[in-house]
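Novice: My structure is below; once you've seen it, I'll send some questions.
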Amino acid sequence: MAQTLAQKLIARAAGRAAVSAGEIVVCRVDLAMFHDSSGPRRLKPMLERLGAGVWDPSRIVLVTDHYVGGEDAESRAIVRIARDWAKAEGIRNFHDGVGICHVVLAENGYLRPGMFAVGADSHSPTGGAFGAYMFGIGATEMLGVVVTGEIWLRVPETILMHWDGRFGAGVCAKDVMLFLCGRFGLDGGAYQVIEFAGAAITALPMQERMTLANMTAELGAQTGLVAADETTQRYLAAAGAGDVELEPWHSDQGAPLRARHAFDADRLTPQVAAPHSPANARPVAEFEAVAIEVAYVGACTGAKLEDLRMAARVLEGRRVAAGVALLVAPASRRDQDTARAEGTLGVLEQAGARLLPNACGLCAGYGEGFAPQATVVSTTARNFKGRMGDPSVRVYLASPYTVAASAVAGRIADPRELVH
Amino acid sequence: MSGRSWVFGDDIDTDALAPGRWMKSAIDELAGHCLEAVDAAFAREVRRGDIVVAGRNFGCGSSREQAAQALRHLGVAAVVARSFAGLFYRNAINLGLPVLECDAVDRIAAGAQLELDPARGRLRLAASGEELRCVPMPPFLLEIVRAGGLLNQLEKRLAEAKQGKPA
């Protein structure tokens, strides 16, 4: 019988020939990822209480990113707990202060098509860009995985988002996701799977596909998926992941779908989500009167190499408007180094950008955040009230193109005429 | 269980339930800021046994389980909502907080006395006697809640395994 990609991935992990939507299955976990906030800080005391060890240290990836760059003693102590725990438990896959977990996981080639993975972070669906099943869980549920190597789930239905055509200049994956949040709402994904397909999707580089999968979290999906192809293979070969099988990791023709939505990529315009919800997304034209004080390029959603390049395509030869702070926190050290070497970072700096650490930073909202009353345009995924500082902070979500154009204009601006 | 209702709207997010600025703090301090951006009186005035009632997509956003832990720490006995964000739903169960889906939440006024049976999915308004149907919690999830959460359940299973009893 025809199966969706999600069904195939779950069936494999559950040791079954096939699974049906709605049934509850227990899956073997190929990879478990967690960070300094959700990981050792919470897991260690629970493991000690259980007197239990880690089921398989080679299947664990630990990344410090949430409290990295924090100047205070508590932040430093939390990061230290992660370091000490990695050493004590023999976790070799430990990445300390070199970037945000979802990006670090990808660039090190941990994720391959066919895998079943969990992450103790809500943006773990990012891994679905590689044709792997990966979803977010909390720390206590991660404890269960770390001890048993297993997790239950209800086999989801698939919602197919089919994008034909080609995205125009100055329009990107972030606009797709803001558009979908505006169209379907924060529970539009209904904790099912959202799969992306179509010519406009297959034309996207891996990091853009990661942005799609990443923000299925904002749609309330369990995860997002993009079937692997030659682009995936090329990326993973460069990341040192070795040979990658593409078969049978795609949805079969005629596989059962919960819904299929078709869109024309050529008609998508830059999108902006008003405070305080990603679901408040509308075309950028409706926000062009909004003056901003801060333009933020950061987070797993919006500061990968491809995102930095998009910002640079707008900022080349331009300066940030007077009174606007452009803050850039590249999502990983590796992406920052590449951006530096190819000149992308230089363009951003010449435009007036201030560089921040390769960490979750202001997006996680674990520090002081933006100044009260500040109006911010940001490449991040969430603008809930109080997330990035005082509840009076107003955050508009947009693409790297739009954030860069807004930094230049001093107000929210359409990037399409500025893209080099 | 029976308790007084606290009524909230749709899309109550984890930043409201467990504000990031307090995530470094211990749960007793973090819980003191639970839902403060939505209802400043909640954390101060909620009483042990009270029931949180909400609209669609309760707990959307982050994976931080402190969102559920804060409610439990404040003594909230259960959350009844039209729907839950999947991640929060799993976290709540893993932390021993009963969560029930109910289509008829708009029948519940703030401060109403409620009687709730999570296993049967029955919710009764004490004043009028009106019965509202909830989706009963699946037995294997109810088992985790009854154990007081996943940690307690794992502890019991590991102890039984050591003694050679069937898990």
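The values are calculated or read from the model by the stated rules, or taken from the named source; none is laboratory data. Quick caveat, the model's predicted, so the values are computed rather than measured. Reconstructed Cβ throughout: ideal geometry from the backbone, glycine too, with neighbour counts over all protein chains shown.
Novice: Of the residues that make up the range A:338-350, is at least one part of a loop (DSSP other than H, G, I, E, B) and either modelled with pLDDT under 95 or buried (at least 22 other Cβ atoms within 10 Å of the Cβ) (or both)?
Specialist: No, that holds for no residue.
Novice: Sticking with this one: Could you please tell me which pairs satisfy a Cβ distance under 7 Å, a separation of 6+ or placement on different chains, a first residue in the range A:368-391 that is more than 10 Å from chain B (Cβ to nearest Cβ) and closer than 23 Å to A:Ala404 by Cβ, and a second residue that is surrounded by 24 or more Cβ atoms within 10 Å (Cβ to Cβ) and of a type in the set (Asp, Glu)?
Specialist: From residues that are more than 10 Å from chain B (Cβ to nearest Cβ) and closer than 23 Å to A:Ala404 by Cβ, the pairs are A:Thr379/A:Asp307.
Novice: Follow-up question, since we're still on this one. How about the range A:114-127: which of its residues are facing chain B (nearest Cβ under 8 Å) and in a helix (DSSP H, G or I)?
Specialist: A:Ser124
Novice: Okay, moving on. Do we have A:Gly346 as free of Cβ contacts under 8 Å to residues at least 24 places away in the same chain and farther than 25 Å from B:Val38 by Cβ here?
Specialist: The answer is yes for A:Gly346.
Novice: Moving on. Determine, yes or no, whether A:Thr216 is of a type in the set (Ser, Thr, Tyr), more than 14 Å from chain B (Cβ to nearest Cβ) and either closer than 23 Å to A:Asp121 by Cβ or touching a strand residue (DSSP E or B) at 6+ places or on another chain (Cβ under 8 Å) (or both).
Specialist: No.
Novice: Would you confirm whether or not the range A:290-301 contains a residue that is without any contact (Cβ under 8 Å) to a residue 40 or more places away in the chain and within 20 Å of A:Leu418 (Cα to Cα)?
Specialist: No: the range A:290-301 contains no residue that is without any contact (Cβ under 8 Å) to a residue 40 or more places away in the chain and within 20 Å of A:Leu418 (Cα to Cα).
Novice: Inspect all residues belonging to the range B:75-89 and state whether any of them is free of Cβ contacts under 8 Å to residues at least 24 places away in the same chain and within 26 Å of A:Gly39 (Cα to Cα).
Specialist: Scanning the range B:75-89 turns up at least one residue that is free of Cβ contacts under 8 Å to residues at least 24 places away in the same chain and within 26 Å of A:Gly39 (Cα to Cα).
Novice: Going by the conditions given, is A:Leu111 more than 13 Å from A:Ala221 (Cα to Cα), touching a helix residue (DSSP H, G or I) at 6+ places or on another chain (Cβ under 6 Å) and in a loop (DSSP other than H, G, I, E, B)?
Specialist: Considered against the rule, which asks whether it is more than 13 Å from A:Ala221 (Cα to Cα), touching a helix residue (DSSP H, G or I) at 6+ places or on another chain (Cβ under 6 Å) and in a loop (DSSP other than H, G, I, E, B), A:Leu111 comes out as yes.
Novice: With the checklist (1) free of Cβ contacts under 8 Å to residues at least 40 places away in the same chain; (2) under 21 Å from B:Arg146 (Cβ atoms); (3) within 14 Å of chain A (Cβ to nearest Cβ); (4) not small (Gly, Ala, Ser) in hand, flag the one item B:Leu100 doesn't pass.
Specialist: Only one criterion is unmet by B:Leu100, namely (3).
Novice: Of all residues in the range A:367-420, count the ones that are in a helix (DSSP H, G or I) and small (Gly, Ala, Ser).
Specialist: Final tally of qualifying residues: 5.
Novice: So, in the range A:43-71, how many residues would count as being outside any helix (DSSP H, G or I), closer than 19 Å to A:Ile151 by Cα and more than 13 Å from chain B (Cβ to nearest Cβ)?
Specialist: 5
Novice: Another one. Identify, please: which residue in the range B:133-167 is in contact (Cβ under 8 Å) with a residue 12 or more places away in the chain, in a loop (DSSP other than H, G, I, E, B) and within 14 Å of chain A (Cβ to nearest Cβ) and is, among those, farthest from A:Arg42 (Cα to Cα)?
Specialist: Here the answer is B:Met137.
Novice: For the range A:128-141, which residues satisfy the criterion of being within 9 Å of chain B (Cβ to nearest Cβ) and either touching a Cys at 6+ places or on another chain (Cβ under 7 Å) or part of a helix (DSSP H, G or I) (or both)?
Specialist: The answer is A:Ala139, A:Thr140, A:Glu141.
Novice: On to the next question. Tell me yes or no: at least one residue of the range B:111-132 is within 14 Å of another protein chain (Cβ to nearest Cβ) and farther than 13 Å from B:Ala78 by Cα.
Specialist: no
Novice: Considering each residue of the range B:23-35, count those that are at pLDDT below 95 and either touching a strand residue (DSSP E or B) at 6+ places or on another chain (Cβ under 8 Å) or within 11 Å of A:Gly386 (Cβ to Cβ) (or both), and give that number.
Specialist: Counting residues in the range B:23-35 that are at pLDDT below 95 and either touching a strand residue (DSSP E or B) at 6+ places or on another chain (Cβ under 8 Å) or within 11 Å of A:Gly386 (Cβ to Cβ) (or both) gives 0.
Novice: Need a quick list: helices (runs of 4 or more DSSP H) entirely within the range B:1-113 having at least 2 residues that are crowded, with 21+ Cβ neighbours inside 10 Å and touching a helix residue (DSSP H, G or I) at 6+ places or on another chain (Cβ under 6 Å).
Specialist: Counting at least 2 such residues, we get B:14-17, B:27-31, B:66-73, B:86-94.
Novice: Give, as residue ranges, the helices (runs of 4 or more DSSP H) completely inside the range A:164-244 that count at least 2 residues that are without any contact (Cβ under 8 Å) to a residue 12 or more places away in the chain.
Specialist: Counting at least 2 such residues, we get A:230-238.
Novice: Give the range A:290-307 a look and list any residue that's part of a helix (DSSP H, G or I) and among the hydroxyl-bearing types (Ser, Thr, Tyr), or say none.
Specialist: A:Thr301
Novice: Working only within the range B:147-167, note down all residues that are surrounded by 16 or more Cβ atoms within 10 Å (Cβ to Cβ) and either small (Gly, Ala, Ser) or within 14 Å of the chain's Cα centre (by Cα) (or both).
Specialist: Those that are surrounded by 16 or more Cβ atoms within 10 Å (Cβ to Cβ) and either small (Gly, Ala, Ser) or within 14 Å of the chain's Cα centre (by Cα) (or both): B:Ala147, B:Gly149.
Novice: Using the structure shown, decide if B:Ala18 is under 18 Å from B:Tyr89 (Cα atoms) and more than 10 Å from every other protein chain (Cβ to nearest Cβ).
Specialist: yes
Novice: I'm trying to understand the selection: among the residues of the range A:370-414, which are surrounded by 21 or more Cβ atoms within 10 Å (Cβ to Cβ), in contact with a Gly (Cβ under 7 Å, 6 or more places away or on another chain) and more than 21 Å from A:Ala311 (Cβ to Cβ)?
Specialist: A:Phe384, A:Arg387, A:Gly389, A:Val393 - these are the residues of the range A:370-414 that are surrounded by 21 or more Cβ atoms within 10 Å (Cβ to Cβ), in contact with a Gly (Cβ under 7 Å, 6 or more places away or on another chain) and more than 21 Å from A:Ala311 (Cβ to Cβ).
Novice: Let me ask you something else. Could you list, ordered by first residue, the pairs with Cβ atoms under 8 Å in which the first is in the range A:85-96 and in the same structural domain as A:Ser38 (by TED's automatic domain parsing) and without any contact (Cβ under 8 Å) to a residue 40 or more places away in the chain and the second is surrounded by 12 or more Cβ atoms within 10 Å (Cβ to Cβ) and of a type in the set (Lys, Arg), at least 6 apart or interchain?
Specialist: A:Phe94/A:Arg83; A:Asp96/A:Arg83
Novice: With A:Ala77, A:Ala86 as the choices, which residue is within 14 Å of chain B (Cβ to nearest Cβ) and more than 18 Å from A:Thr140 (Cβ to Cβ)?
Specialist: None of the other options fit; the residue is A:Ala77.
Novice: Listed residues A:Glu247, A:Glu286; which is assigned to a loop (DSSP other than H, G, I, E, B), farther than 23 Å from A:Ile100 by Cβ and either touching a Cys at 6+ places or on another chain (Cβ under 8 Å) or among the charged types (D, E, K, R) (or both)?
Specialist: After ruling out the rest, the residue left standing is A:Glu247.
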